[in-house]
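Asker: Mind having a look at this structure? Questions to follow.
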Amino acid sequence: MTQMTRRSALQLSVASLAAALPGRAFAQAVPMRIGYVPVIGASALFVLEGAGWAREAGLDLKLTRFDSGPAAIQALGSGTLDALAIGIAPVAVARAKGLDVKVVSAAGTGGSAFVASGALSAHFAAANGDQAKALAAFRAATGRKAKLATLPPGGVPTVALSHWLFKLGKVDPADVEIVQMGIDAVQQAMLAGSADGGTVLEPSATIVTLRNPALKRIATAQQMFPEIPGVVMAVTGAFEKAQPAAVEKFVGLVIRATDLIVNSPKDAAPHVLKALGAGIVDEATMTAALSSPAAGYVSDPRTIVGPTEAMLAYQVELKDFPTAPPVAGLFDAQFWERASKAR
């Protein structure tokens, strides 16, 4: 009898195991190409990927970073992405223009805060937080408009700032100069003192106030625009039809990651830190940013339908688009409902 070699024995063992567990032990992971914008509202994505949950669930995530929502939408339209973790407005506009994409999960609400320099914050304190009085007093004292930094048109922080200043605060436009720039540039402008105030995204809002205690948080995005939505998880119609089980698994992981962020931000922080602040901040700072009142975390897409409609309607006033993109058909809650019941 020919002696069995170690290699042939191993091959036989593998073959036997594969036969005993068909479709499970050796099932190929489902590739899922996800574009994201590096903001704290997308933390659930960073957690479920960084913690290894996606791999355990049979999902092979390929993450691509984008500097803005419109850039991510362009990639989605070209067919190079299956899903997105970006702000709700670009997704709504893209769908209105004919791109087959739906929101399957919420992720973050708000996500930014209005931060003021020492000089401007003093006027807010003297005016008991009244936006119009504070900014008018600043102009009277300095002889110039307050320079406020924010993101380009359409961004949630930009919409929130405008709503807070002009809709809620009745600020005289002559008292402010709004300068639009990138996410990192806003943080740099605040630290360099080249802006008197700005809508700063987390974790930058936590970072700048820790590095320069003279900078003060004046209002959160939720205070500037109540219930304002932020980041959502959206998938293409093609991927949803081809891989419905993968979508449900993904949404289930978003729910799990959201729970971890809300209930144990310290445990979520290392994964978010790797995506947003590696080499820039430490885990304690990222934990503080995740716990900041400037950002909220929800997974149920049904909770942001009304706020999304309100935000899009206001963006028409801002002339971000001529008519509000329809909300009907934008949200697909079936995967969240099934995933939440299966937990």
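The values are calculated or read from the model by the stated rules, or taken from the named source; none is laboratory data. Quick caveat, the model's predicted, so the values are computed rather than measured. Reconstructed Cβ throughout: ideal geometry from the backbone, glycine too, with neighbour counts over all protein chains shown.
Asker: If residue 314 satisfies every condition in (1) modelled with pLDDT of 95 or more; (2) closer than 22 Å to residue 39 by Cα; (3) out of contact with any Leu (no Cβ under 8 Å at 6 or more places or on another chain) but one, which is the exception?
Answerer: (2)
Asker: Residue 217: buried (at least 18 other Cβ atoms within 10 Å of the Cβ) and not assigned by TED's automatic domain parsing to the domain that holds residue 304, yes or no?
Answerer: Against the criterion (buried (at least 18 other Cβ atoms within 10 Å of the Cβ) and not assigned by TED's automatic domain parsing to the domain that holds residue 304), residue 217 qualifies.
Yes/no per residue for (1) in contact with an Asp or Glu (Cβ under 9 Å, 6 or more places away or on another chain); (2) in the same structural domain as residue 246 (by TED's automatic domain parsing); (3) modelled with pLDDT under 95; (4) crowded, with 16+ Cβ neighbours inside 10 Å:
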residue	(1), (2), (3), (4)
43	no, yes, no, yes
46	no, yes, no, yes
52	no, yes, no, no
58	no, yes, no, no
65	no, yes, yes, no
81	no, yes, no, yes
89	yes, yes, yes, yes
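Asker: Hey, can you tell me all the residues within region 163-201 that are small (Gly, Ala, Ser), more than 19 Å from residue 230 (Cβ to Cβ), touching a residue at least 40 places away in the same chain (Cβ under 8 Å) and part of a loop (DSSP other than H, G, I, E, B)?
Answerer: 193, 194, 195
Asker: Yes or no: residue 322 without any contact (Cβ under 8 Å) to a residue 24 or more places away in the chain and either under 16 Å from the mean Cα position of the chain (by Cα) or at negative phi (or both)?
Answerer: For residue 322, the condition - without any contact (Cβ under 8 Å) to a residue 24 or more places away in the chain and either under 16 Å from the mean Cα position of the chain (by Cα) or at negative phi (or both) - is met.
Asker: Please give the number of the condition residue 216 fails out of (1) farther than 20 Å from residue 105 by Cα; (2) under 21 Å from the mean Cα position of the chain (by Cα).
Answerer: Every listed condition holds for residue 216 apart from (2).
Asker: Further question: For region 67-79, which residues satisfy the criterion of being aliphatic (A, V, I, L, M) and either under 14 Å from the mean Cα position of the chain (by Cα) or not assigned by TED's automatic domain parsing to the domain that holds residue 247 (or both)?
Answerer: 72, the sole residue that qualifies.
Asker: When region 37-59 is examined, which residues are found to be within 8 Å of the chain's Cα centre (by Cα), assigned to a helix (DSSP H, G or I) and not polar (S, T, N, Q)?
Answerer: Narrowing region 37-59 to residues within 8 Å of the chain's Cα centre (by Cα): 37-43.
Retained after the next criterion (residues that are assigned to a helix (DSSP H, G or I)): 40-43.
If the condition is that a residue be within 8 Å of the chain's Cα centre (by Cα), assigned to a helix (DSSP H, G or I) and not polar (S, T, N, Q), then 40, 41, 42 are the ones that fit.
Asker: Could we say that residue 281 is of a type in the set (Val, Ile, Thr) and either modelled with pLDDT of 95 or more or closer than 29 Å to residue 100 by Cα (or both) here?
Answerer: No; evaluated as a whole, the condition is false for this residue.
Asker: Turning to a different aspect of this structure: Across region 140-161, what is the total count of residues that are touching a residue at least 12 places away in the same chain (Cβ under 8 Å), in a helix (DSSP H, G or I) and out of contact with any helix residue (DSSP H, G or I) (no Cβ under 8 Å at 6 or more places or on another chain)?
Answerer: The qualifying residues number 1.
Asker: May I ask you to list the residues in region 67-79 that are closer than 23 Å to residue 110 by Cβ and either out of contact with any Leu (no Cβ under 9 Å at 6 or more places or on another chain) or surrounded by fewer than 16 Cβ atoms within 10 Å (Cβ to Cβ) (or both)?
Answerer: Those that are closer than 23 Å to residue 110 by Cβ and either out of contact with any Leu (no Cβ under 9 Å at 6 or more places or on another chain) or surrounded by fewer than 16 Cβ atoms within 10 Å (Cβ to Cβ) (or both): 67, 70, 71.
Asker: Something else: What about residue 119, is it surrounded by fewer than 18 Cβ atoms within 10 Å (Cβ to Cβ) and out of contact with any Ser or Thr (no Cβ under 6 Å at 6 or more places or on another chain)?
Answerer: Yes, satisfied.
Asker: One residue is enough: does region 18-32 have a residue meeting the conditions farther than 23 Å from residue 242 by Cβ and modelled with pLDDT of 50 or more?
Answerer: no
Residues are listed down the side, and each one gets a yes or a no for (1) outside any loop (DSSP other than H, G, I, E, B); (2) within 16 Å of the chain's Cα centre (by Cα):
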| residue | (1), (2) |
| --- | --- |
| 246 | yes, no |
| 256 | yes, no |
| 261 | yes, yes |
| 280 | no, no |
| 284 | yes, no |
| 296 | yes, yes |
| 304 | yes, yes |
| 312 | yes, no |
